[in-house]
Each structure stands twice: as C-alpha cells, then as structure tokens.
Amino acid sequence: MGYVKTRFRRLSAFALVFVFPSTAIAQAVLRGVVLADSGSSPVSGAVVEIAQLKRSALTDTAGAFLLADLPLGRHRVQTRRLGYEPSTQDLLIESADTARVVLRMKVVPVALSAISVSDVNPEVYNPRMVGFADRRRMGNGKFLGPAELRDLQHTNLDNVLRQLGIPVRLVNCNDFRPCGYPYAQGRRGPSSLIRGNCAVKVVLDGVAASQRGPFDLSTVRVLTLAGLEFYAGGAETPVMWDRADRGEASCGVLVLWTRIAEPRK
C-alpha cells in the first residue's frame, strides 16, 4: 500500500510538470559605456535606445548606461546626443546574463547661437514633440520650451525642477543601490523601491525610461533638452504618457525631449 501511495505521488508530481509548464522567458541585461571616438573620454547625457523594444536610458557622468529585461536575440542600439553624430550598432544577445558593450560617437561641434527662438515650433528641435504647444496651451501640467531651457542651460536639471516646485530628493542608501543621486519625488502614492517616497516616472523622447530604481536626474544636461513637461498625477497626465508609463502616473510623470537639431537662422 505504501508503494502505491509513493508511486501515486510521483506520478502526480510528474503530471503537474506538464499541466503547468514553465512560461519564463529568458531575459538579459545590457551594460555599456559610450565614449567619444577620439579617445577614452566618456559621453554623458547621451540617449541610448532600442526603439523596437521601446527601451531607452541616459548615460551617466562616466558614460555608463544600463538596459534591463531584454529578450535574447538581435537588437539595434541607437545612440544620440547634441554635439555628436548619431550612431547605430547591431548587437546579438545570446544568453540570459549581463552583456557588455562599448559604443563610440563622433564629435560634431554645434554652435548654439543667441537667436530668439520663442516663436520657433518645438518640433524643429525634435520631430517627436508633436502636440507639445497644444498640450501647453491646455494648461495641464508644467512646461518649459526651447527658449526657456536655453536660458537655464547652465543650471542642473534637479535645480530646474525645484524652481518649478517639484520636490527633489537624494536616493537613500538604506533603501536602494546605487544611491546618493537626485530624483524627482511625487506627492502621492507609495513607492515599492523607496519606502515612504514616491519617485516620479520619466518618459524620454516619448519612451518610458528604462532603469532600475528612481531616474537619476544628474545624467541629464539641460543644454541637451528642447522641452520639458511635468504632470503631478494621473488626473492631469495625457493618456499617451500614462500608457507609456504602464499606467503608473499616480506619482507624477516627467517628460523630457532631447534637442536633436537646431533651427536655422
């Protein structure tokens, strides 16, 4: 009788394997660094993007970036930053582990003239900024356009947000690693990453920024921005940004537009 029970348990366990097959999909992490092609100088504030996956990240002061939860296979990685020639590199990620890459960008000096840009359509700077002016006229949220950001180009992004009345805090080392960097804090809702605080979600050039933990504001230079939008919560956040942020707009959404081109005189 004991033999029968033991055998039944084995058969039941065996059957469960087939009734509930594993559906986990292998994913990888891409870590890399962006360097100037002329040497080993890091390129900070560069946008690194895998467009087909809608994943993007900004390089930090060391030129480093991280893209997480990537499916295995071939991916086209695009890199851009004001003052550098955009670059594209195809990568093959074959294992569910951490892949590493070094990306290089060619320096292309850009002279930022002192022309008046108050009446220039923001889409001249970044074609993806469709509807920026219309959203601003509606009065929901807080906005900064090309002219205002040009005046603030020597100010850190965290200080710009403070001037707009957006709380900025430093990541607590007891709650998250790496730590010590500034992030925008929402006024409502709990955060699963930082106890007691609510990190604002960031959308970069129309794509939800992909990074572990709160978004590091120090990785963005105001000089590289063409537009900024901030929505304090889900009630005032446009549907498209709520969707880009997977519906998690309760803590606020910060939309950043990079300056891809300069208008001609």
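Rule-based calculations on the coordinates, nothing more; no lab input. Since we're looking at a predicted model, the values are computed, not measured. Virtual Cβ from ideal backbone geometry, glycine too; neighbours counted across all protein chains shown.
Laid out as a table, the results:
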quantity: Theoretical FRET efficiency, 1/(1+(r/R0)^6), r = Cβ-Cβ of Leu164 and Ala51, R0 35 Å, to 0.05; calculated: 0.75
quantity: Sites Arg177 and Thr61 - FRET efficiency at Förster radius 22 Å, r taken between beta-carbons, to 0.05; calculated: 0.80
quantity: Linear extension gain, Ala261 paired with Leu72, 0.36 nm per residue minus alpha-carbon span; calculated: 64.7 nm
quantity: Sequence-distant aspartates and glutamates (8 or more away, or on other chains) whose Cα lies within less than 19 Å of Lys142; calculated: Asp119, Glu123, Asp134, Asp151, Asp158, Asp205, Glu229, Glu236, Asp242, Asp245, Glu248
quantity: Virtual spin-label span in nm between Ala96 and Val124, 7 Å along Cα→Cβ; calculated: 5.1 nm
